[in-house]
Amino acid sequence: MSKSNISITLASLTGLLAVGFGAFAAHGMSDPKAVDWLRTASQYAGIHALAVLACAALARNGLALIPGTGAVFLVGIGIFSGTLVAMALGAPRWLGAVTPIGGLCLMAGWAMLGLGSLRRQSPG
């Protein structure tokens, strides 16, 4: 399986989970703080799943991305959205101190994507 296929598979799984967590926030939670955490986690995971798909598509079309750009997005999704989902499901609130690390990874992914497009020429 190619790197871009793995990225597409992981982005698809992330999108699926984003919809599921959003639905759970809307229909399965009553605690307003937990609902807010799940909605935020769902929104950021969904947006950044699309960013991972974009990285895979750009790479398939010849843009030489900075290596690891899609992976940085996936790590960011895992940390940012993962800690919010965990807290919504009852994990200790100190995990909220870890959440910004995921946000920094998401920001780094966007920076890498932008810098890669400026610094690297696509073949042809």
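Check ILE77, ILE47 and return the single one that is closer than 22 Å to SER4 by Cα, of a type in the set (A, V, I, L, M) and touching a residue at least 24 places away in the same chain (Cβ under 8 Å).
ILE77
Limited to segment 22-48, what total is found for residues that are in contact with a Gly (Cβ under 9 Å, 6 or more places away or on another chain) and over 14 Å from GLY90 (Cα atoms)?
The total comes to 9.
Restrict the check to segment 7-19 and report whether at least one residue is under 16 Å from THR99 (Cβ atoms) and among the hydroxyl-bearing types (Ser, Thr, Tyr).
No, segment 7-19 contains no residue that is under 16 Å from THR99 (Cβ atoms) and among the hydroxyl-bearing types (Ser, Thr, Tyr).
Looking at (1) crowded, with 16+ Cβ neighbours inside 10 Å; (2) touching a helix residue (DSSP H, G or I) at 6+ places or on another chain (Cβ under 7 Å), find the lone condition where ALA71 falls short.
Going through the list (1) crowded, with 16+ Cβ neighbours inside 10 Å; (2) touching a helix residue (DSSP H, G or I) at 6+ places or on another chain (Cβ under 7 Å), ALA71 breaks only (2).
Just to verify a result, which residue in segment 1-60, among those that are within 14 Å of GLY78 (Cβ to Cβ) and aromatic (Phe, Trp, Tyr), is modelled with the highest pLDDT?
Of everything passing the filter in segment 1-60, TYR44 is modelled with the highest pLDDT.
Could you please find all residues in segment 77-124 being within 19 Å of ALA57 (Cβ to Cβ) and either of a type in the set (S, T, N, Q) or within 13 Å of the chain's Cα centre (by Cα) (or both)?
If the condition is that a residue be within 19 Å of ALA57 (Cβ to Cβ) and either of a type in the set (S, T, N, Q) or within 13 Å of the chain's Cα centre (by Cα) (or both), then ILE77, LEU106, GLY109, TRP110, SER117, GLN121, SER122 are the ones that fit.
Just need a number here: residues in segment 21-39 that are closer than 22 Å to LEU53 by Cβ and surrounded by 13 or more Cβ atoms within 10 Å (Cβ to Cβ).
So the count comes out to 3.
The values are calculated or read from the model by the stated rules, or taken from the named source; none is laboratory data. The model shown is predicted, which means the values in this text are computed figures rather than measured ones. Cβ sites come from the backbone with ideal geometry, for glycine too, and all protein chains shown count toward neighbours.
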